[in-house]
Amino acid sequence: MSSVLITGANRGIGLELTRQFLKAGDQVFACCRSPEQATELSAIADKNLTLLKLDVTSETDLKTIQKQLLNTPLDIVINSAGVVGPGQELSEMTYADWQRVMQTNVAGPAMLTQALLDNLRAGQDRKLMYLSSGLASIATNTSGGQLVYRASKTAVNSLVKSLSIELADEQFTVAALDPGWVKTDMGGPNATTSAEDSARGLISRIRELTPSESGCFVNYRGESREW
Ligand SMILES: NC(=O)c1ccc[n+]([C@@H]2O[C@H](COP(=O)([O-])OP(=O)(O)OC[C@H]3O[C@@H](n4cnc5c(N)ncnc54)[C@H](OP(=O)(O)O)[C@@H]3O)[C@@H](O)[C@H]2O)c1
């Protein structure tokens, strides 16, 4: 049984990851901004589920969660919380859009990593997982667009690479995971992959990754993505 902490666990991919880890008998610390409004998450009756309040941009929430998890070993931390918009394009983006997206998608996971390192050191697997995106890839960007979101996910990949180097001596496994184009509020109804299939693939990848593959960028099917 693994002990797994997931951000953005109240909907989308984070919720589906939570469901599937619980079904497999793992212990899940499911984080969301508003536990009292997280109806689908709260409806899951499982003794291995703990709900925690976490807005990844809130220093107060981060400090509280650190206290709540003091001396609690964690095997896997999955950074799923993320935002896209609204202002994505060159003609419409504002400072506020940049601030919100970079703070949520990049600073949030980075600060959570700092806060939970000792919990991971006390665990078995030492796995730090970050939901990236195909749009993070500079090498395969042929269309432009979604400037703000793309830049944020490219920054996540940079974070993954640096952490994999810094934490290599301690046998951490750090990875950037592309979940595919997923039918969630973010992916929309035309997306090609269900949240169930994406989460199933992501969990297989997370379980099979080892420290020797740390610093990788892979999709939910296990295919390497170009940086
Ligand atoms: N769906 C796709 O096609 C796709 C493709 C590539 C990558 N991704 C990435 O996969 C991850 C999950 O995406 P998704 O499709 O599940 O998105 P989603 O359905 O829009 O869900 C986003 C989740 O992030 C949470 N969140 C947003 N801001 C937060 C904050 N400041 N603090 C804590 N939680 C916050 C949301 O909570 P609230 O309910 O409180 O807003 C929600 O739980 C994201 O990182 C996304 O960039 C998704």
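Readers should treat all values here as calculations from the given coordinates under stated rules, not as data from a laboratory. These numbers were taken from a predicted model, which means no experiment stands behind them. Counting neighbours? That spans all protein chains shown, and the Cβs are built from the backbone with ideal geometry, glycine included.
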Taking LYS53 as the anchor, which lysines have their alpha carbon closer than 21 Å to its alpha carbon, excluding any fewer than eight residues away along the same chain?
-> LYS63, LYS67
Relative contact order for segment 13-75: what is it in percent, counting Cα pairs under 8 Å that are at least 6 residues apart?
-> 27 percent
Shape call for segment 131-227 from the C-alpha gyration tensor, a ≥ b ≥ c root eigenvalues: rounded (a/c under 1.5), prolate (a/b greater than b/c) or oblate?
-> oblate
Diffusion coefficient, µm² s⁻¹, Stokes-Einstein with Kirkwood Rh over alpha-carbon pairs of the chain at 25 °C and 0.890 mPa s | 140 µm²/s
Dipole axis of segment 3-219 (+1 Lys, Arg; -1 Asp, Glu on Cβ), positive-most option in SER133, THR154, ALA81 | ALA81
Just for the chain, what percent of DSSP beta bridges are antiparallel, to the closest 5?
-> 5 percent
Roughly how big is segment 3-219's charge dipole about its Cα centre, with Cβ charges of +1 (Lys, Arg) and -1 (Asp, Glu), in debye to the nearest 20?
-> 160 debye
Which of the lysines could be linked to LYS183 by a straight reach, that is with a Cα gap under 23 Å, when you skip same-chain ones fewer than 8 residues away?
-> LYS23, LYS153
Taking a cut-off of 12 Å between Cα atoms, list the aspartates and glutamates near LYS161, but don't count ones fewer than 8 places away on the same chain.
-> GLU213
Using unit Cβ charges (K, R positive; D, E negative) and no other charged atoms, how large, in debye to the nearest 20, is the dipole of segment 50-161 about its Cα centre?
-> 280 debye
Give me MET93, MET129 ranked fewest to most by other Cβ atoms within 10 Å of their Cβ, as a rough exposure proxy.
-> MET93, MET129
